[in-house]
Amino acid sequence: MANQNDELIIGSRSFKSRLLVGTGKYKDFNETKQAIVESGAEIVTVAIRRTNIGQDANEPSLLDFLPPSDFTYLPNTAGCFNADDSVRTLRLARELLDGHNLVKLEVLGDKETLYPNVIETVEAAKTLVKDGFEVMVYTSDDPIVAKMLEDVGCVAIMPLASLIGSGMGILNPWNLDIIIKNSSVPVIVDAGVGTASDAAIAMELGCDGVLMNTAIAEAQKPVMMAGAMKKAIEAGREAFLSGRMNKKLYQASPSSPISGLIK
Amino acid sequence: MNIFINGEIKSYDQNNLTVFDLIVDAGIENKKYAIECNGHIIPKSKIKETYVKDGDKFEIVGAVGGG
């Protein structure tokens, strides 16, 4: 039986779903919406980009399909390679979303791997926290950097499990474990999940949530995968809270009585 | 007067052009957007009283799908 009071608390907000989803790479806005509704996610990431000038005033936008009243928007800094561009982007996002201050900071360091530049990330986080933002931060799986980001006031630490969009799964369970044990703010795996078992593994490790986009959007049936991810997150969380049995290496233990066998 | 909007040059003849006029011209007055002039955000509450000057560089952004 699931714990009904098991809420995910991020900064000043609380959530029931521990699955956070991106809104990119879908076939169209309809598919985006269907998949996100099926996922049960409450937090959805969006990117901030130049608007098409001279567009048809009736042209639908993402916000028409996913109304900000129904979801918690998490504007990101995808594509930013330094602290200044990231801060500038998120200040625009705050203006765009009428003062909304929960944001995802990601400062990239390399176009091929999309690995984060953690030095610029820490600088940007300091500025944003001082400016009143609640910062959820994408970072590497370095426990020292994770702690630094927590110490400067980030409300959630979001280490990669493998490269963004790679679907390679949870390659660093030991590092994630150290980060989780040292953190007093939520730890959310951001990047690398490829399928439902990856999400369950992250949650069984004790992660507080998982953020994913490509694993759902690039599945052959994205809406069905969104449902699978929802179940995997819930199953992994409940398994973590249940406390798994101890592993007994090379020691079998029968589940049936050893007495009363017929002779 | 020549100004830049999202990197593209635009020419306007009229004087007393406000930032709100630019937003209407862009067809986004009913959309969610944020606008920056020369690196500084112009709050939506100020766009009708902020005038456009020759050489101004505007960035107008919206939210799009992303991870």
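If you keep only loop residues by DSSP, which GluC sites (Glu not before Pro) in the range A:187-252 have at most 10 other Cβ atoms within 10 Å of their Cβ?
none
Counting Cβ atoms of other protein chains within 10 Å of each residue's Cβ and taking the mean over peptide A:94-102 gives 3. The candidates A:Leu62, A:Leu114, A:Leu249, arranged from most to least accessible area with a 1.4 Å probe in the full protein assembly, appear as A:Leu249, A:Leu114, A:Leu62. Taking the Cα atoms only, what angle lies between the long axis of helix A:29-39 and the longest principal axis of chain A, rounded to 10 degrees? Tilt of helix A:29-39: around 30 degrees. Beta-bridge orientation, the range A:1-150: approximately 25 percent antiparallel, per DSSP, counting only bridges with both partners inside. Ranked from largest, the principal axis spans of the Cα set of the protein assembly as shown equal 104, 39, 37 Å. Only Lys, Arg, Asp and Glu carry charge here, each on its Cβ (+1 for the first two, -1 for the last two); on that basis the range A:59-131 has a dipole of about 260 debye about its Cα centre. The DSSP beta bridges internal to the protein assembly as shown are antiparallel in roughly 45% of cases. Between 0 and 90 degrees, the angle of helix A:118-130 with respect to the longest Cα principal axis of chain A falls at about 70 degrees.
Using packing as a proxy for protection, rank A:253-260, A:191-198, A:241-248, B:7-14 so that the peptide with the highest average count of other Cβ atoms within 10 Å comes first.
Averaged packing, sorted descending, gives the order A:191-198, B:7-14, A:241-248, A:253-260.
In loop segments of the range A:35-136 as defined by DSSP, the GluC sites (Glu not before Pro) with at most 10 further C-beta atoms inside 10 Å of their C-beta are A:Glu112. Take each residue of peptide B:30-37, count the partner chain Cβ atoms within 10 Å of its Cβ, and average: the result is 6. Over what distance in Å are the Cα centres of the range A:214-237 and the range A:65-131 separated? Centre-to-centre (Cα) distance: 25 Å.
Sparsely packed loop sites in the range A:27-85 (the trypsin sites (Lys or Arg not before Pro) outside DSSP H, G, I, E and B with at most 12 other Cβ atoms within 10 Å) comprise A:Lys27. Over the range A:115-235, the pair-distance histogram of Cα-Cα distances with 10 Å bins from zero comes to 15, 45, 30, 10, 0 percent, rounded to whole numbers. Peptide B:20-29 is shielded by partner chain Cβ atoms: per residue, an average of 3 of them sit within 10 Å of its Cβ.
The values are calculated or read from the model by the stated rules, or taken from the named source; none is laboratory data. Given the structure is predicted, the values throughout are model-derived calculations rather than measurements. Because the Cβ atoms are built from the backbone with ideal geometry, glycine has one as well, and the counts that use them run over all protein chains shown. Side chains included, ligands, DNA and RNA excluded: accessible areas come from the protein's heavy atoms. Shrake-Rupley method; radii C 1.70, N 1.55, O 1.52, S 1.80 Å.
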